[in-house]
Amino acid sequence: MKYHSEKYPMVKDGELVALCELVDDFATEMKKKLKKQYERGCRGWSNITIDTVNLWDALLNNDDPIDIANYAVFIWNRKDEV
């Protein structure tokens, strides 16, 4: 586990630094996958006409943790609807 981070020098707790870096790394993978899908023509993540139930269904019927996280962030973005 990393105990020093130039990215998080204000955090003294090594476990917290590692957690922050883990989340950053995961978010980077999410962005890569979103970019790839976007380049393939996928659009509409913020389209409010897409039923939130359909997003939940896509999330729950997926086994890729990156896809699950991306669907989860779409749902999270609709906080007022959920």
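Would you tally the residues in region 9-58 being assigned to a helix (DSSP H, G or I), aliphatic (A, V, I, L, M) and more than 17 Å from ILE75 (Cβ to Cβ)?
6
From the residues in region 59-82 that are assigned to a loop (DSSP other than H, G, I, E, B) and in contact (Cβ under 8 Å) with a residue 12 or more places away in the chain, which one is nearest to the chain's Cα centre (by Cα)?
Looking at residues that are assigned to a loop (DSSP other than H, G, I, E, B) and in contact (Cβ under 8 Å) with a residue 12 or more places away in the chain, I get ARG78.
Per-residue answers, yes or no, for (1) surrounded by 12 or more Cβ atoms within 10 Å (Cβ to Cβ); (2) free of Cβ contacts under 8 Å to residues at least 60 places away in the same chain; (3) within 12 Å of the chain's Cα centre (by Cα):
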residue: ALA18; (1), (2), (3): yes, yes, no
residue: VAL23; (1), (2), (3): no, yes, yes
residue: ALA27; (1), (2), (3): yes, yes, yes
residue: MET30; (1), (2), (3): yes, yes, yes
residue: LYS35; (1), (2), (3): no, yes, no
residue: ARG40; (1), (2), (3): no, yes, no
residue: SER46; (1), (2), (3): no, yes, no
residue: VAL53; (1), (2), (3): no, yes, no
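Every read-out reported here was derived from the displayed coordinates using simple, explicitly stated rules and does not represent laboratory data. These numbers come from a predicted model, not from an experiment. Neighbour counts run over all protein chains shown; Cβ positions are idealised from the backbone, glycine included.
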